[in-house]
Amino acid sequence: MYRQPGKRVVLVSSAAVAVLVVAACNPESPQDRPDSIESLTGTEITEVLSGNTLTGAPSEQTPWSVHYKADGTEFGLYGADTDTGRWRVRDNQLCSNWDNWGEGERCFELQRDDSGTIMGVYDGEPEWSAVLETGDSRSLDPN
């Protein structure tokens with residue numbers, strides 16, 4: 001290899017180049033990533049959801065919202081489809097049982113990141129993400 005006087009040759013491994021390329025292609029900067037994710041307790045789930053609405057985060061493919069009444073009734077909107085069901089907290093999880101959607105009760109661990117996004121985790125895998133809106137922000141309660 002020819003080297004000009006006063007010039008240094010720097011050898012870079014292909015692995016280092018791959019790391020730099022991946023880092024450069026990642027549109028999410030470190031300040032955009034949440035520093036921590038916390039699991040909500042049963043008490044926190046009740047306090048956060050009672051009387052409020054979760055709306056699917058923009059990354060969700062089909063728009064959806066659920067309004068949780070303090071009496072355990074829930075009203076949902078998924079695309080143009082609506083349903084009513086019952087919600088409760090069991091073993092630090094949000095459990096929903098819809099009248100028409102799904103096949104019986106499903107329970108989710110709820111996690112919240114620094115930005116306030118709430119994620120529903122089922123069987124250890126994130127299944128949905130949502131933002132919390134105050135009250136019945138989408139007018140889902142027909143009463």
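A few notes on this one:
- Tensor-based shape of the stretch 37-133 (alpha-carbon gyration tensor, a/c under 1.5 rounded, otherwise prolate or oblate): rounded
- About its Cα centre, the dipole of the stretch 37-133 is roughly 240 debye, where the only charges are +1 on Lys and Arg Cβ and -1 on Asp and Glu Cβ.
- Centre-to-centre separation between the Cα atoms of the stretch 39-68 and those of the stretch 126-140: 5 Å.
- Derived scalar couplings between HN and Hα for the stretch 58-72 equal x, 6, 5, 6, 10, x, 8, 8, 9, 9, 10, 7, 4, 7, x Hz in order, rounded to whole Hz, by the Karplus curve 6.51 cos²θ - 1.76 cosθ + 1.60 (θ = phi - 60°), x for Gly and Pro.
- Karplus 3J(HN,Hα) series, Hz, for the stretch 132-143 with 6.51 cos²θ - 1.76 cosθ + 1.60 (x for Gly, Pro): 8, 10, 6, x, 8, 4, 10, 6, 7, 6, x, 7
Computed from the coordinates by the stated procedures, all read-outs in this text should not be read as laboratory data. Bear in mind the structure is a predicted one, so any value in this text is a computation, not a measurement. In this analysis, Cβ positions are derived from the backbone assuming ideal geometry, glycine residues included, and neighbour counts consider all displayed protein chains.
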